[in-house]
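Chemist: Questions regarding the structure given below will be posed in turn.
The values are calculated or read from the model by the stated rules, or taken from the named source; none is laboratory data. Everything quoted here is computed from the prediction, not taken from an experiment. So basically every Cβ, Gly included, is an ideal-geometry build from the backbone, and we count neighbours across all protein chains shown. Side chains included, ligands, DNA and RNA excluded: accessible areas come from the protein's heavy atoms. Shrake-Rupley method; radii C 1.70, N 1.55, O 1.52, S 1.80 Å.
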Amino acid sequence: MASRLASRLLLRRPAAVLSLLQSSRHARHFSTQLLEGVPRLPKPTCERYFLRNASPYQIWSRSFASENGDLVEAVVPFMGESVTDGTLANFLKKPGDRVEADEAIAQIETDKVTIDVSSPEAGVIEKFIASEGDTVTPGTKVAVISKSAAPSEAHVAPSEETSQKETPPPPPAEKPKVEAKSPKVESVKPQASKLASPSEPQLPPKERERRVSMPRLRKRIANRLKDSQNTFALLTTFNEVDMTNLMKLRTDYKDEFVKKHGVKLGLMSCFVKAAVSALQNQPIVNAVIDGDDIIYRDYIDVSVAVGTSKGLVVPVIRDTEGMNFADIEKGINSLAKKATEGALSIDEMAGGTFTISNGGVYGSLISTPIINPPQSAILGMHSIVQRPVVVDGSILARPMMYLALTYDHRLIDGREAVLFLRRIKDVVEDPRRLLLDI
């Protein structure tokens, strides 16, 4: 009865639910009923209010707050529908530190994102319950926080400090007098049996090597890439594109574009628009194999590969078929910033029908990218290099870029793949085709 009531209330009055959850007087009893009712809610509603509007760690941490005096417990927050556990990567605070309400005290590393564990109340950290490297699940207790304790200035027990101050140093021992004698010097000859043979390899000592645990995100990347190689019939086709007209377009309109839209005009938005046009011309590239069926997707969600210090992440720009250049640039900038800060949500990386990876920002001249499952193709951009090309019978230096399309040959034939890549080449070399739809 209580679960059904909580479910209906979340559906109809989400703001009231969130306000109620933030009230310490009702959170303990009501949030447990709410969470019990969540699995029966429609999936979009759960994602909308728990992953976007609500602060999941507030729901979990306040639900598990202890009522033992002034002590509260910080717990692992809700990490998303498809994430069941994570690794406690590191603590951001130490026992005795003062923390404010909702201030991050630890970080949980999952297969997809890094999530903060926050303090449910302002106070002082009494102790940590979990340890770095532990595998934790939503609701796992991480720290105990006192709402009334004062922060400690040093993390040393008082008894230890007193003993260190009061204990006088021992008097120096007297050195016994020893009569000096002339030592006998004997020549030592190296034993031939202990010398290494010239034919034996000289391996570096183990002390010069370090063994560390692989982060969960790197494990996830490794498994997905290997699964892609094992599942798909990977084949890559190449082409090159003359960037002269696109670069001139940027130069001519970059100031007006920034003035009107508040964002710079980059190369990626043009390639996204070109990919949308090519996917509409070759819908099989936007499809995917599912068992014995082929799923055709009538929407285009473009994933953009972003390299971070922790690994590669692939956030998704949704419904790109209805976006203009400014919308795409704003979406890319927002996702790239979140990726750099480690603030991407699981919802922002889920799905995607086609991926674009730009290795050119690192200086890559050419590569064979690997498909991002469950997609069927990926476009690889590369660095722009001045190369001699023949234009109307004359040899000219032009800014050229190699393009690579890796596709699942089980689903996509070579003809469709080549025509797809050729369409991208045509649009990039003459962006006016997008206006005329030719």
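Chemist: So, R0 is 41 Å and r is the distance between the beta-carbons of D97 and L365; what FRET efficiency does that work out to, to 0.05?
Modeler: FRET efficiency, D97 to L365: 0.25.
Chemist: With a 1.4 Å probe and all protein chains left in place, how much of the accessible area of the stretch 72-146 comes from carbon and sulfur atoms, in whole percent?
Modeler: Of the solvent-accessible surface of the stretch 72-146, carbon and sulfur hold 43 percent.
Chemist: Using the heavy atoms of the protein chains and a 1.4 angstrom probe, tell me the accessible area per residue for the stretch 72-146 in square angstrom.
Modeler: Accessible area per residue: 38 Å².
Chemist: Oh, and also: Extending each Cα 7 Å along its Cβ direction at F238 and S309, get the distance between those two points in nm, one decimal.
Modeler: A separation of 3.5 nm, rounded to one decimal place.
Chemist: Further, regarding this structure: Checking the table K264/K310; K94/K338; K337/K425; K93/K310; K94/K147 against a 18 Å threshold on Cα-Cα, which pairs fail?
Modeler: Exceeds cut-off: K264/K310; K94/K338; K337/K425; K93/K310.
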